[in-house]
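Report on the following structure.
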Amino acid sequence: MPKNIQIAVVGSGYVGLVAAVCFAEMGHDVICVDNDERKVKALQGGDTLIHENYLPELLQRYRNTKVRFMSDLAEATRECEAIFIAVGTPQSETGDADLSYVEAVACEIARSITSYKVIVEKSTVPVYTNEWIRRAIERNGVARDLFDVVSNPEFLREGTAVADFLHPDRIVVGADSERAAAVLGGIYAPLTEGTYYQRADAIPGSCGPTAKPPLLNTSTKSAEIIKHASNAFLAVKISFINAVANLCEATDANVEQVAIGMGMDARIGPKFLRPGIGYGGSCFPKDVAAFRSVAEQLGLDFSMLSEVEKINENQKKRFLSKVRTALWTLRGKKLGVLGLAFKGETDDIRESPAIDLVEMFLAEGCSIKAFDPAAMERTAERLPAGPKLSYVESAYAAADDADALLILTDWAEFATLDLKRLNTTLRYPIVIDGRNLYDPHVMLENGLTYISVGRPSAIPPREH
Ligand code: UDX
């Protein structure tokens, strides 16, 4: 029977909050610490602050019982055996991860250690961070045998974060001590021994009742590199398929068929081969830059990652040129925009290619009516509504009297629009889709000119 462990999670952002409620769901007792009192109050009151599936249910189930929220890190350190650091590691101007929050937390933890603690890096951090944390704690007077520092990277995706946490492909534990590895093994036992999946009320996901996700024990440095290398590799896959999509456009081939054919090779796999307007979000852009910077600091050539970033930037410019080609000129054109979040099913707009494109179209003199099911409020804080930009209440309102409709985020609801209605709502029946949500033949049948990514365009006879 897995045992209940006292866990502190420092930071209540995406990773910290999800980890906190999921550890409680796995049976542990959790203290989630944040130095932002307003956040602590909101979480105590049951407000999740972020849009994430299953988070409201789990927060409701465990808040103020198995998950307590507080701002007192000293108290949490004293009470808990394992302390997970899940604070932000924003990108600095040089592309490095800014580790000042991690350092501040490490020093504060050090001041309250009186018995053995395992300090766990959950934030995405560059290789060697583990050693720096260890040094910072020792410099604050803590004896070496009173603590270990472990790297336990998180691979969750926004939108499916809870299910990803509880149904991982793998759990990576980078520990240089057996004692610390055993504590982490105990924390994840409900998953690795499969007892969690036998529960009738388990959050559904890819692991069924007989599943046991693997736990990979590595050195701390290897675990740190696994996280950066995994995210960078996924970004490589996306940029690669985007470059292939451009090649398909130039040759009238179809990137969807190409991706299916490539993905059938088990060595390549079908996932992360969806072309589009480039990757965004809080992880890939930051992690690719940080990993490149790590290589540079070590005097190594990893310029392949610079190419990945270049392709990603160009993908947005290519989309803009497509719209220009379809509409002839851009100044004064009215555009309907569907999607502002960096991907579907989230309200997160960090590094969103959709918002970059909105800014680019505004700079070209277009006027925009934008709709997003969850991200409009956040976008309006950054790009306030004005004479050239308005936020509207539906996809059809965005399309109303527009010269073209642009699909910029892959929300599921954008893939099931009433195409007949769209045709009559638009001023010109032109849809330019940066996410390949529609079959070009179906668009043609509904009288729409349809331009997508890496696939032949559908152009009704009147347009030829
Ligand atoms: C990512 C990683 O998947 C996750 O393992 C890590 O822990 C955090 O970073 P996330 O940022 O939530 O997760 O989003 P993800 O679903 O991976 O998509 C990232 C970006 O890539 C989005 O902008 C998405 O639209 C884009 N993308 C993804 C593509 O353009 N094509 C694809 O095939 C997949």
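General observations
- Selected residue [modelled with pLDDT under 95 and within 11 Å of the ligand (Cβ to nearest atom)] from Ser230, Ser282, Ser206: Ser282
- Residue list for segment 267-279, restricted to those being more than 9 Å from the ligand (Cβ to nearest atom) and small (Gly, Ala, Ser): Gly269
- Cβ separations smaller than 6 Å between residues 6+ apart or across chains give the following pairs from segment 148-167 residues that are assigned by TED's automatic domain parsing to the domain that holds Thr129 to residues that are more than 13 Å from the ligand (Cβ to nearest atom) and of a type in the set (Lys, Arg): Val149/Arg134.
- Candidates in segment 247-264 are the residues that are in a helix (DSSP H, G or I) and hydrophobic (A, V, I, L, M, F, W, C); of these, the one that is nearest to the ligand (Cβ to nearest atom) is Ala259.
- In segment 291-312, the residues that are more than 23 Å from Val15 (Cβ to Cβ), more than 16 Å from the ligand (Cβ to nearest atom) and either of a type in the set (Ser, Thr, Tyr) or not in a loop (DSSP other than H, G, I, E, B) (or both): Ala295, Glu296, Gln297, Ser303, Met304, Ser306, Glu307
- In segment 41-57, the residues that are modelled with pLDDT of 95 or more reach residues that are β-branched (Val, Ile, Thr) with C-beta atoms within less than 8 angstrom, at least six apart or across chains, in these pairs: Tyr54/Val162; Tyr54/Ile203; Leu55/Val18; Leu55/Val21; Leu55/Thr48; Leu55/Val162; Pro56/Thr48.
A quick yes/no check of all residues on (1) over 18 Å from His228 (Cα atoms); (2) buried (at least 19 other Cβ atoms within 10 Å of the Cβ):
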{"site": "Gly95", "(1), (2)": "no, no"}
{"site": "Asp98", "(1), (2)": "no, no"}
{"site": "Glu138", "(1), (2)": "yes, no"}
{"site": "Pro168", "(1), (2)": "no, yes"}
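- The single residue among Val236, Val288, Val244 that is more than 21 Å from Thr124 (Cα to Cα) and either within 16 Å of the ligand (Cβ to nearest atom) or not in a helix (DSSP H, G or I) (or both) turns out to be Val244.
- Qualifying residue in segment 322-329 (condition: surrounded by fewer than 20 Cβ atoms within 10 Å (Cβ to Cβ), assigned by TED's automatic domain parsing to the domain that holds Asp439, more than 13 Å from the ligand (Cβ to nearest atom) and in a loop (DSSP other than H, G, I, E, B)): yes
- If you check Asp96, Asp36 for being among the charged types (D, E, K, R), farther than 29 Å from Lys3 by Cα and in contact with a helix residue (DSSP H, G or I) (Cβ under 6 Å, 6 or more places away or on another chain), only one passes: Asp96.
- Candidate set from segment 429-443 (those that are more than 17 Å from Phe319 (Cβ to Cβ) and either small (Gly, Ala, Ser) or buried (at least 17 other Cβ atoms within 10 Å of the Cβ) (or both)); member that is farthest from the chain's Cα centre (by Cα): Pro429
The values are calculated or read from the model by the stated rules, or taken from the named source; none is laboratory data. Remember, it's a predicted structure, so these values are computed and weren't measured experimentally. Cβ atoms come from the backbone with ideal geometry, glycine included; neighbour counts cover every protein chain shown.
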